[in-house]
Amino acid sequence: MPPKADQSGELSHGRPPFRVGLGWDRHRLEPVAPAGAGRPFILGGVRLDHDLGPVGHSDGDALYHAVTDAILGALALPDIGQLFPDDDPRHSGEDSSVYVAEAMRRAREQGWRVGNLDAVVVLERPKLGPRKEEMRRNLADLLGVNQADVNVKGKTGERVDATGEGRAIDVQVVVLLIPAGEHHGATL
Ligand code: MG
């Protein structure tokens, strides 16, 4: 259980009443099978219209993977690759929302809930703007927070390096965990 702050804000055993976690993921983009090894392009649980798709053992959802690693990181737990090995056939093609859900289960088990989450998606195309609200909604549902507590930002790679040349997608995520006992308007 997380430490409890007394009325002065002091913690009973000197640990802050929050945890921060960082997640990062990259997937190579290839023509969608059978032309290449790419999977249909799923990001934040949303199907993107693209002639390329992420190469990955699961469904290749880089946003969900980075979110999972951010939560696990905040908990100082083993990372997504350790918990869900990519040589395990049970995870082949798996819907990556199960990884986010498992990370949240572990967070709740330790007495934490999400305060807020912020993500940066680096992808040359398509523009994410029209689909961002769907991704935020999916994440808010999975994390048990309001949509206002989840942000997704789209960036391009400025036509340089793997992302800029359209050969990869990168995602960075930061998450704040707060004690589950504190409620700020969101419901779990
Ligand atoms: Mg991944």
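The values are calculated or read from the model by the stated rules, or taken from the named source; none is laboratory data. Quick caveat, the model's predicted, so the values are computed rather than measured. Methodologically, a virtual Cβ is constructed for each residue, glycine included, from the backbone with ideal geometry; neighbour enumeration extends over all protein chains shown. With ligands, DNA and RNA removed, areas are computed over all heavy atoms of the protein, side chains included. Shrake-Rupley method; radii C 1.70, N 1.55, O 1.52, S 1.80 Å.
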Original post:
Which one of these does residue 130 not meet: (1) open to solvent by less than 70 Å² (accessible area, probe 1.4 Å); (2) closer than 25 Å to residue 28 by Cβ?
Top reply: (1)
**OP:** Go through region 16-25 and give me each residue that's within 14 Å of the ligand (Cβ to nearest atom) and surrounded by fewer than 17 Cβ atoms within 10 Å (Cβ to Cβ).
**Re:** 24
Subject >> Qualifying position, being β-branched (Val, Ile, Thr) and touching a residue at least 60 places away in the same chain (Cβ under 8 Å), among 120, 152 >> reply: 152
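Kindly indicate which of 171, 98, 120, 160 is modelled with pLDDT of 95 or more and open to solvent by less than 20 Å² (accessible area, probe 1.4 Å).
Exactly one of 171, 98, 120, 160 is modelled with pLDDT of 95 or more and open to solvent by less than 20 Å² (accessible area, probe 1.4 Å), namely 171.
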Original post:
What number of residues in region 46-72 are modelled with pLDDT of 95 or more, farther than 17 Å from residue 165 by Cα and more than 14 Å from the ligand (Cβ to nearest atom)?
Top reply: 4
**OP:** Provide a single number: the residues in region 133-153 that are small (Gly, Ala, Ser) and open to solvent by 40 Å² or more (accessible area, probe 1.4 Å).
**Re:** 1
